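> Structure below; questions to follow.
The values are calculated or read from the model by the stated rules, or taken from the named source; none is laboratory data. What you are looking at is a predicted structure, and each value in this text was computed from that prediction instead of being measured. Note: ideal-geometry Cβ built from the backbone for every residue, glycine included; neighbour counts use all protein chains shown. With ligands, DNA and RNA removed, areas are computed over all heavy atoms of the protein, side chains included. Shrake-Rupley method; radii C 1.70, N 1.55, O 1.52, S 1.80 Å.
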Amino acid sequence: MSTISLPPPSFDAALASQGPTAASAAELAKRGNIHQTAVGFEASFLTTVFQTMFQSVKTSEPFGGGPGEDMWKSFLAEAMAKDMAKRGGIGISRAVEHEMLKLQGLKDPA
């Protein structure tokens, strides 16, 4: 049995409020892909910001230092950035999503 992946709930509510013109499944899938791409872009940006911010942070012994510290800091930066972007981020994904919808000729529900 195959599973169906639906876009975030904000899209369903926004499309339902547009009235009787229901969006096709292909359009919903495209909107979901655009949303995920925009969130991924913001996560990448935030990862770079956090990595830059953490460059000067050094942890003292016995819990820090050593060759693995920089590697683990990059994992922490990436995890924090993904979580932050997933929860709304700093607004970059919304702006990117708006422009991507416009380029695809789709109405922005917001």
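> Scanning region 14-26 for residues that are exposed (fewer than 15 other Cβ atoms within 10 Å of the Cβ) and part of a helix (DSSP H, G or I), which turns out modelled with the lowest pLDDT?
Ranking the qualifying residues of region 14-26, first place goes to Ala16.
> Turning to a different aspect of this structure: As an exercise: evaluate Ala81 against (1) within 30 Å of Gly105 (Cβ to Cβ); (2) at pLDDT 95 or above and give the number of the one condition it does not meet.
Against the list (1) within 30 Å of Gly105 (Cβ to Cβ); (2) at pLDDT 95 or above, Ala81 comes up short only on (1).
> Mind checking whether some residue in region 100-108 is at pLDDT 90 or above, surrounded by 12 or more Cβ atoms within 10 Å (Cβ to Cβ) and outside any loop (DSSP other than H, G, I, E, B)?
The answer is yes; a qualifying residue exists.
> Residues in region 81-99 that are of a type in the set (Gly, Ala, Ser), closer than 13 Å to Thr47 by Cα and assigned to a helix (DSSP H, G or I): how many? Can you show your working first?
Restricting attention to region 81-99, the residues satisfying the condition of being of a type in the set (Gly, Ala, Ser) are 81, 85, 88-89, 91, 93, 95.
Those left that are additionally closer than 13 Å to Thr47 by Cα: 81, 85, 89.
Now narrow it down to the ones that are assigned to a helix (DSSP H, G or I): 81, 85.
Selection size over region 81-99: 2.
> Those residues that are farther than 24 Å from Glu42 by Cβ and either among the hydroxyl-bearing types (Ser, Thr, Tyr) or open to solvent by less than 90 Å² (accessible area, probe 1.4 Å) (or both), I need them from region 65-80; list them, please.
Within region 65-80, the first condition is being farther than 24 Å from Glu42 by Cβ, and the residues that meet it are 65-69.
Matches in region 65-80: Gly65, Gly66, Gly68, Glu69.
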